[in-house]
């Protein structure tokens, strides 16, 4: 398995062969404990990982457990993701990522590592789920570009979709990395934000059925307290891996992005308060669910649908019917109107590498209910403005067609939102149990 790692992970130029580092290693072999090991070595500066791994297990329903010796703290998830790519890939190697994905990955994974990203194109027709065909196509694209694929990186729950991956998707990914002998990195920084069914399944839960097979060394989890606890400024991230080489290399690289001792001490005390953490996560999920419902309902009343979602801080919003044409240029025109005229900061789908124009990411967790209500009123006014202008254009087209004695079929097609012609698309309405099929949508128009 060491052969699948980067040269950086296999070299010995870090300088770890020093008494400075040997002292850390001896502490790990013989740590002090007032009760069971009073003569052990007292650590005066290393990270305390026990509270964090216990918390990670708790928010996953204690369906999996984590070994504190297999976790490395980093200065946030950004640092964790970059570090894991440094461990796995050389400059010019490829990482496959399903679309749409977090725009920051283009910076975090590529800029300093020199690695490349090849998108796994997912479609709205099945709710942007990963398919075997999409995986194979991305792998083939990398080969066509003479890139060596070193792994797949996923976010689960997803940013920007706000969805959790199905067990079938995770099984498919496991089969794929075993077949290709590559790595899987699972960014799970939103794992504590699942506010609705279906329940969350961690990659580590799926991995457990492989019974210590070689694939255990190929699966790595990135975590952070930034989202689940709303502590982005504390810069506390983590890499969890069963691969000793990855942990050893990540430990060396963590020297360039350490978490302060004061922060570690505070968070250790915080996470050790089980009653507080349980109540905090529970209350946070309730508030996310309420805010999510307000946004979805408000958008629906404005004539806009969302991808059905159950986690995270975002809605993946379908505005394809508001585009002047089915192009990314039209998407940017609409986005500029929303940012500069409507005064709302949202993210266009193209920034997330979505392959279909007209989708946008909206964050609902960063504002008060009052601010959200103002935002929804602005969106509704924007929809009315765009739709009104389009109706005038269509009216002129009808008059022109009537005068020429020709029946206009194109106008009827144009009035049917693009998403109504997507078979099998599941959209989100104001009722949590409400789903509209392709047939229902066309009938409604």
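Coordinate-derived values only; no laboratory data. Keep in mind the model is a prediction, meaning the values are calculated, not measured. A quick note on method: Cβ atoms are made from the backbone with ideal geometry, for glycine too, and the neighbour counts reach across all protein chains shown.
Based on other C-beta atoms within 10 Å, arrange 122, 366 from fewest to most.
366, 122
Please work out the Cα center distance from the stretch 328-388 to the stretch 239-273, rounded to the nearest Å.
Centre-to-centre (Cα) distance: 38 Å.
For a paramagnetic label modelled at 7 Å from the Cα of residue 289 toward its Cβ, which residues of the stretch 173-206 fall within the zone defined by backbone nitrogen distances under 11 Å?
Once the point is set 7 Å along Cα→Cβ of residue 289, 194-197 turn out to lie under 11 Å by backbone N, inside the stretch 173-206.
Taking neighbour Cβ counts within 10 Å as the exposure measure, how do 244, 108 sort from fewest upward?
Fewest-to-most Cβ neighbours within 10 Å comes out as 244, 108.
Could you give me the percent of Cα pairs per 5 Å distance bin for the stretch 293-391, shortest bin first, beginning at zero and ending with the bin that holds the maximum distance?
So the P(r) values, bin by bin, are 2, 13, 25, 29, 19, 9, 2, 0.
With a cut-off of 19 Å, note down the residues of the stretch 324-341 whose backbone N falls inside the zone around a label point 7 Å from the Cα of residue 355 toward its beta carbon.
Counting only backbone N, you get 326-329, 331.
May I ask you to compute the full-extension gain from residue 196 to residue 384, defined as 0.36 nm times their residue separation minus their alpha-carbon distance, rounded to one decimal in nm?
Value of the extension gain: 64.5 nm.
Kirkwood hydrodynamic radius (Cα pairs, Å) of the stretch 2-275?
Hydrodynamic radius (Kirkwood, Cα only) of the stretch 2-275 equals 19.4 Å.
Would you kindly state how much longer the chain becomes between residue 30 and residue 341 on full extension, computed as 0.36 nm times their sequence separation minus their alpha carbon distance, in nm to one decimal?
Here the answer is 105.7 nm.
Multiply the residue separation of residue 214 and residue 180 by 0.36 nm, subtract the distance between their alpha-carbon atoms, and state the gained length in nm to one decimal.
Full extension from residue 214 to residue 180 adds 11.0 nm.
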